[in-house]
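Each remark here refers to the structure printed beneath this line.
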Amino acid sequence: MNKSENKNTNRGEDAVRPGVVDEVVEGVEDPGLRALLRRALDPEPARRSSSEEVVVELLKLLRGFD
């Protein structure tokens, strides 16, 4: 796929399409990871977790997989 075919994604339009986050995370089996992804990908910037929060939570989740 070249840049002109993928221009909507490059501008981020697909990221705010209603329901796109649910579509992306529906296949994630772990409920904690699924919740983390939903928060990180929230279309409303004020509700998104910070990158630091995401990393801390991800590390906690990964420790639980051991």
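Just a few scattered comments:
- With respect to the conditions (1) charged (D, E, K, R); (2) surrounded by 14 or more Cβ atoms within 10 Å (Cβ to Cβ); (3) within 24 Å of ARG17 (Cα to Cα), GLU57 lacks only one, and its number is (3).
- Residues that are part of a helix (DSSP H, G or I) and over 13 Å from VAL21 (Cα atoms) within the stretch 34-54 comprise PRO45, ALA46, ARG47, SER51, GLU52, GLU53, VAL54, listed in sequence order.
Condition check ((1) of a type in the set (Val, Ile, Thr); (2) touching an Asp or Glu at 6+ places or on another chain (Cβ under 6 Å); (3) exposed (fewer than 11 other Cβ atoms within 10 Å of the Cβ); (4) modelled with pLDDT of 80 or more) across all residues:
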| site | (1), (2), (3), (4) |
| --- | --- |
| LYS3 | no, no, yes, no |
| ASN10 | no, no, yes, no |
| VAL16 | yes, no, yes, no |
| GLY19 | no, no, yes, yes |
| ASP22 | no, no, no, yes |
| PRO45 | no, no, yes, yes |
| GLY64 | no, no, yes, yes |
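- Residue in the stretch 27-35 that is modelled with pLDDT of 90 or more and among the acidic types (Asp, Glu) present: yes
- Inter-residue pairs, beta-carbon under 9 Å, first more than 13 Å from PHE65 (Cβ to Cβ) and in the stretch 26-50, second assigned to a loop (DSSP other than H, G, I, E, B) and modelled with pLDDT under 90, 6+ apart: PRO43/ARG17; PRO43/PRO18; ARG48/LEU41; ARG48/ASP42; SER49/ASP42
The values are calculated or read from the model by the stated rules, or taken from the named source; none is laboratory data. Source: prediction; values computed, not measured. Note that we place each Cβ from the backbone using ideal geometry, even for glycine, and neighbour counts take in every protein chain shown.
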